[in-house]
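Data block below; observations after.
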């Protein structure tokens with residue numbers, strides 16, 4: 001998942017690994033990613049059909065935007081920032097041209 005309009009600043013890219021459930025829009029005007037609270041986590045895990053004994057392996061994240069929100073349930077994730085002129089799809093721009101914002105610890 002990445003920003004579309006980089007006119008206002010850096011390109012932000014969030015990569016999710018081992019996705020076991022998700023609900024999201026294809027385009028958001030603004031987006032906030034946060035850890036789900038206890039009630040949201042229970043809802044996400046039920047949606048993804050994750051059993052209680054495996055739940056501790058799953059990151060439950062909420063996606064908030066204008067209008068309906070969404071979620072992602074995954075095993076790990078990384079969020080990076082790239083300068084506006086870079087192209088994260090090019091190998092030369094991926095190596096060393098980004099700043100790590102957050103990485104999950106699992």
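Derivation of every value follows stated rules applied to the coordinates shown; laboratory data play no part. Quick caveat: nothing in here was measured; it's all calculated off a predicted structure. Please note: Cβ atoms are built from the backbone with ideal geometry, for glycine as well, and neighbour counts cover all protein chains shown.
Ranking request for peptides 13-25, 44-56: highest mean number of other beta-carbon atoms within 10 Å first, then the rest in descending order. Before the final figure, lay out the partial values.
Values: 13-25: 15.8, 44-56: 12.9.
Peptide ranking by packing, descending: 13-25, 44-56.
Just to verify a number: FRET efficiency for residue 2 and residue 55, C-beta to C-beta distance, R0 = 41 Å, to 0.05?
According to the calculation, E is roughly 0.90.
If I take R0 = 41 Å and measure r between the Cβ atoms of residue 42 and residue 103 in this structure, what FRET efficiency does the formula 1/(1 + (r/R0)^6) give, to the nearest 0.05? Present the calculation step by step, with values, prior to reporting the outcome.
Working: r = 25 Å, r/R0 = 0.62.
Step by step, r from the Cβ atoms, then E = 0.95.
If a/c stays under 1.5 just call it rounded; otherwise compare a/b with b/c (prolate if a/b is bigger, oblate if not). Do that for region 11-103, with a ≥ b ≥ c from the square roots of the Cα gyration tensor eigenvalues. Walk me through the numbers before you get to the answer.
Working: a/c = 2.73, a/b = 1.70, b/c = 1.60.
Verdict is prolate for region 11-103.
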